[in-house]
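What follows is a short report on a single structure.
The values are calculated or read from the model by the stated rules, or taken from the named source; none is laboratory data. Since the structure is predicted, the reported quantities are computational estimates derived from the model, not experimental observations. Because the Cβ atoms are built from the backbone with ideal geometry, glycine has one as well, and the counts that use them run over all protein chains shown.
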Amino acid sequence: DTEVTQTPKHLVMGMTNKKSLKCEQHMGHRAMYWYKQKAKKPPELMFVYSYEKLSINESVPSRFSPECPNSSLLNLHLHALQPEDSALYLCASSQAPGPRNTIYFGEGSWLTVV
Amino acid sequence: AQTVTQSQPEMSVQEAETVTLSCTYDTSESDYYLFWYKQPPSRQMILVIRQEAYKQQNATENRFSVNFQKAAKSFSLKISDSQLGDAAMYFCAYRRGNNAGNMLTFGGGTRLMVKP
């Protein structure tokens, strides 16, 4: 079972709204990732959590706030987003943070900011 | 900084035939990993194949194989007996082999179309 589950699959929000994207895995993985993917572009890394601690923040604006409540869950809290933040947000996980560990992706959450 | 280049934005192949997708990368590291990911219309990124740089033998997974040329920094993907389900966006990716290797660096992608 290599499943990473993301909810919701689609989200439309206004620029003043507060919403959250959720990601869950039950593979016992201890590293979790958020990627952002614009249309016809490759994914870009946003955040990495290793053993429930934020280890990498790729200079992401503070209107995106990640949270890792436990080893199975990863949230991305959204507030005061801009239309240019509309994209596919991909969650991923790996058994451990190191490069020998394969990264498994979820199906993504489509976000539209209006 | 590492860069990954996929020079073919689109490729097409006839069903049951063979197609090769190109990827080149630039790095000063000697220890690293290379990957091909497939992204079908469902948008989930699916790992197709991985190659450790220290291994000389080319990786193979069923109909998928790579031609890894370390000196040339080239990592092409060959798909044999192409099937309609192979139609997708294919991304080549690089990951450093040391403790800082938490980031996947992706190429720009190649859209593969499979003609029946």
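What the table shows:
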| read-out | value |
| --- | --- |
| Residue count, region A:85-106 (criterion: in contact (Cβ under 8 Å) with a residue 60 or more places away in the chain, surrounded by 18 or more Cβ atoms within 10 Å (Cβ to Cβ) and not in a strand (DSSP E or B)) | 4 |
| Residue among B:Asn62, B:Asn58 that alone is surrounded by fewer than 15 Cβ atoms within 10 Å (Cβ to Cβ) and over 17 Å from B:Phe91 (Cβ atoms) | B:Asn62 |
| Selection count where residues are exposed (fewer than 15 other Cβ atoms within 10 Å of the Cβ) and of a type in the set (Ser, Thr, Tyr), scope region B:21-55 | 4 |
| Conditions (1) within 14 Å of chain B (Cβ to nearest Cβ); (2) more than 24 Å from B:Ala93 (Cα to Cα); (3) at pLDDT below 95; number of the one not met by A:Ser50 | (2) |
| Selection count, region B:22-57, where residues are more than 20 Å from B:Asn98 (Cα to Cα) and more than 14 Å from chain A (Cβ to nearest Cβ) | 3 |
| Near pairs, Cβ below 9 angstrom, 6+ apart or cross-chain, from region A:1-27 (buried (at least 16 other Cβ atoms within 10 Å of the Cβ)) to any residue that is in a strand (DSSP E or B) and of a type in the set (Asp, Glu) | A:Val4/A:Glu24; A:Gln6/A:Glu24 |
| Residue match in region B:69-87 (condition: surrounded by fewer than 17 Cβ atoms within 10 Å (Cβ to Cβ), within 14 Å of another protein chain (Cβ to nearest Cβ) and more than 21 Å from B:Thr24 (Cβ to Cβ)) | no |
| Residue match in region B:33-44 (condition: free of Cβ contacts under 8 Å to residues at least 40 places away in the same chain, farther than 29 Å from A:Val4 by Cα and out of contact with any strand residue (DSSP E or B) (no Cβ under 6 Å at 6 or more places or on another chain)) | no |
| Region B:65-97 - residue that is outside any strand (DSSP E or B) and of a type in the set (Lys, Arg) and, of those, nearest to B:Lys115 (Cα to Cα) | B:Lys73 |
| Subset of region A:83-112 (residues that are under 17 Å from A:Lys41 (Cβ atoms) and more than 12 Å from chain B (Cβ to nearest Cβ)) | A:Pro83, A:Glu84, A:Asp85, A:Ser86, A:Leu111, A:Thr112 |
| Region A:54-68, subset outside any loop (DSSP other than H, G, I, E, B) and modelled with pLDDT of 95 or more, residue nearest to the chain's Cα centre (by Cα) | A:Pro66 |
| Cross-chain or 6+ apart pairs with Cβ under 8 Å, region B:93-109 first and more than 7 Å from every other protein chain (Cβ to nearest Cβ), then modelled with pLDDT under 85 and surrounded by 19 or more Cβ atoms within 10 Å (Cβ to Cβ) | B:Asn98/A:Pro99 |
